Amino acid sequence: MNCTRTLSTSNILPKQSAAQVLKVLNGSGAVTFSRPAFVGLQQQWAARQFSTTKPSNWKEFFPAKDTPAIRETPPAWPHPVYTEEQMKQVEIAHREAKSMSDKVAVAFVRTLRFGLDLASGYRHGNGKMTERRYMIRNIFLESVAGVPGIVAGMLRHLHSMRKMKRDNGWMESLLEESYNERMHLLTFLKMAEPGWFMRLMVLGAQGVFFNAFFLAYIVSPRTCHRFVGYLEEEAVLTYTREIEDIDAGRLPMWEKMQAPDIAIKYWNMPEGKRTMRDLLLYIRADESKHREVNHTLGNLDQNNDPNPYVSKYKDESQPHPGKDLKHQKPTGWDREEVIGKL
Ligand SMILES: [Fe+2]
Ligand SMILES: [Fe+2]
């Protein structure tokens, strides 16, 4: 079987109305045309799952550029090492909304989650989600998840130059976060190639979300970090459910599926620990780190406190925030814990 790039959907989908497409997204089954809206994604992905062609013969979606002189281009931000034990300790958590700003942030996240669940046909429970549905959701969410870090980092960069003040190390973590989210997206895209409808949704979501987050961060960076913290709580929840569904045998195609090369290199996945389940453990751990980082940043003085995730401590023997999973604090570190009593 010769697996090439996704078949075009353009001759199928223009005939469908937006309502029909949404119904298909919702999985209502009320519309019965032969191919679903994400047919490109499904075909490519299914073909790859069941292909008898060697992976090396697949047409690469976005191959690494081969040049005469350059051997490789390693990631600008090497991923910290996570042990399996640490990744298993990652848990679902919720930080209680205390202030008005927290409540606004949590309300936005709940509204977004409700809308996305509806649009992507997400349902929790035995066998309600298939590999395909999860993959669609993961790709869409990861494409949006890479926005806040780079917007916040960009604004802090401009703020630092404009006010002629130092940034205290925040920018690095924010840019690194969006880099990491983009790696999640690229990893999923190595397993499935979205069709034009998904691309359109991503474009629309990015256009709206980028601008909304940009304006919101100017008004209240603290609320924005809290918002990302709550959003990441949801990401940890979703990936935990995906792992549980694999363990319960509800996602048979994912059980033996191997992580793509891009992921093996980025996370330094050890031999024998390179399945889809292992990959989801890494991604969930990353999301838990974003959850902790943003909840912690939301607790700090936005203009004056140093970023505790890139700082060196006077007493390194005491637990403190770091890039790895050594000291996990799902609901974030309080200001006094990291800055000390002033
Ligand atoms: Fe992510
Ligand atoms: Fe995330």
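The values are calculated or read from the model by the stated rules, or taken from the named source; none is laboratory data. Source: prediction; values computed, not measured. Please note: Cβ atoms are built from the backbone with ideal geometry, for glycine as well, and neighbour counts cover all protein chains shown.
Please state which one of N307, N303 is more than 22 Å from W77 (Cα to Cα) and not in a helix (DSSP H, G or I).
Among N307, N303, only N303 is more than 22 Å from W77 (Cα to Cα) and not in a helix (DSSP H, G or I).
All but one of (1) more than 16 Å from ligand 2 (Cβ to nearest atom); (2) under 26 Å from L158 (Cα atoms); (3) basic (K, R) hold for R226; state the number of the condition that does not hold.
Failed condition: (1).
Residues being within 16 Å of ligand 2 (Cβ to nearest atom), aromatic (F, W, Y) and within 17 Å of M135 (Cβ to Cβ): count how many of those fall in segment 244-302.
So the answer is 1.
Checking the structure you have, find out if any residue of segment 260-278 is under 15 Å from M171 (Cα atoms), surrounded by fewer than 18 Cβ atoms within 10 Å (Cβ to Cβ) and not acidic (D, E).
Checked against the condition, which is being under 15 Å from M171 (Cα atoms), surrounded by fewer than 18 Cβ atoms within 10 Å (Cβ to Cβ) and not acidic (D, E), segment 260-278 yields no hits at all.
Within the group R133, R162, which residue is farther than 25 Å from T296 by Cα, more than 15 Å from ligand 1 (Cβ to nearest atom) and modelled with pLDDT of 95 or more?
R162
Limited to segment 166-202, what total is found for residues that are under 29 Å from Q258 (Cα atoms) and free of Cβ contacts under 8 Å to residues at least 12 places away in the same chain? Give the derivation first.
So the first thing to find is which residues in segment 166-202 are under 29 Å from Q258 (Cα atoms), and the list is 175-202.
In the following step, the residues that additionally are free of Cβ contacts under 8 Å to residues at least 12 places away in the same chain were identified as 199-200.
Result for segment 166-202: 2.
Could you check segment 131-185 and list, in sequence order, the residues that are among the acidic types (D, E) and away from ligand 2 (no atom under 16 Å from the Cβ)?
Residues satisfying the conditions are E131, D167, E172.
Mind checking whether some residue in segment 109-120 is under 17 Å from M198 (Cβ atoms), in contact (Cβ under 8 Å) with a residue 60 or more places away in the chain, touching a Leu at 6+ places or on another chain (Cβ under 8 Å) and more than 16 Å from ligand 2 (Cβ to nearest atom)?
Checked against the condition, which is being under 17 Å from M198 (Cβ atoms), in contact (Cβ under 8 Å) with a residue 60 or more places away in the chain, touching a Leu at 6+ places or on another chain (Cβ under 8 Å) and more than 16 Å from ligand 2 (Cβ to nearest atom), segment 109-120 yields at least one hit.
State which residue pairs qualify: first residue closer than 16 Å to H184 by Cα and inside segment 246-263, second residue part of a helix (DSSP H, G or I) and of a type outside the set (V, I, T) in any location, beta carbons under 7 Å apart, and separation of 6 or more residues or different chains.
Final answer for the pair search is A259/M276; A259/D278; A259/L279; I262/L186; A263/L279.
Report, by residue number, each residue of segment 329-342 that is buried (at least 16 other Cβ atoms within 10 Å of the Cβ) and part of a loop (DSSP other than H, G, I, E, B).
K329, P330, T331, G332, W333
Here is a list of conditions, (1) surrounded by fewer than 21 Cβ atoms within 10 Å (Cβ to Cβ); (2) within 16 Å of ligand 1 (Cβ to nearest atom); (3) not polar (S, T, N, Q), and L155 meets all of them except one; can you say which number that is?
Failed condition: (2).
Of the numbered conditions (1) under 15 Å from L189 (Cα atoms); (2) modelled with pLDDT of 95 or more, D278 satisfies every one except a single condition; which is it?
Result: D278 passes all but (1).
Yes/no matrix, rows are residues, columns are (1) more than 19 Å from A93 (Cβ to Cβ); (2) in contact (Cβ under 8 Å) with a residue 24 or more places away in the chain:
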residue: W267; (1), (2): yes, yes
residue: K273; (1), (2): yes, yes
residue: L280; (1), (2): no, yes
residue: I283; (1), (2): no, yes
residue: E287; (1), (2): no, yes
residue: Q302; (1), (2): yes, yes
residue: N307; (1), (2): yes, yes
residue: Q318; (1), (2): yes, no
residue: I339; (1), (2): yes, yes
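Taking M191 as meeting all but one of (1) modelled with pLDDT of 95 or more; (2) away from ligand 2 (no atom under 16 Å from the Cβ); (3) farther than 18 Å from Y309 by Cα; (4) surrounded by 20 or more Cβ atoms within 10 Å (Cβ to Cβ), write down the number of the exception.
Unmet for M191, out of (1) modelled with pLDDT of 95 or more; (2) away from ligand 2 (no atom under 16 Å from the Cβ); (3) farther than 18 Å from Y309 by Cα; (4) surrounded by 20 or more Cβ atoms within 10 Å (Cβ to Cβ): (1).
Looking only at helices (runs of 4 or more DSSP H) that lie completely in segment 204-297, which have at least 1 residues being within 14 Å of ligand 1 (Cβ to nearest atom) and under 23 Å from W333 (Cα atoms)?
Those helices (runs of 4 or more DSSP H) span 221-247.
Applying the selection to segment 225-245, what residues are buried (at least 18 other Cβ atoms within 10 Å of the Cβ) and either free of Cβ contacts under 8 Å to residues at least 12 places away in the same chain or in contact with a Pro (Cβ under 7 Å, 6 or more places away or on another chain) (or both)?
Hit for segment 225-245 is V228, nothing else.
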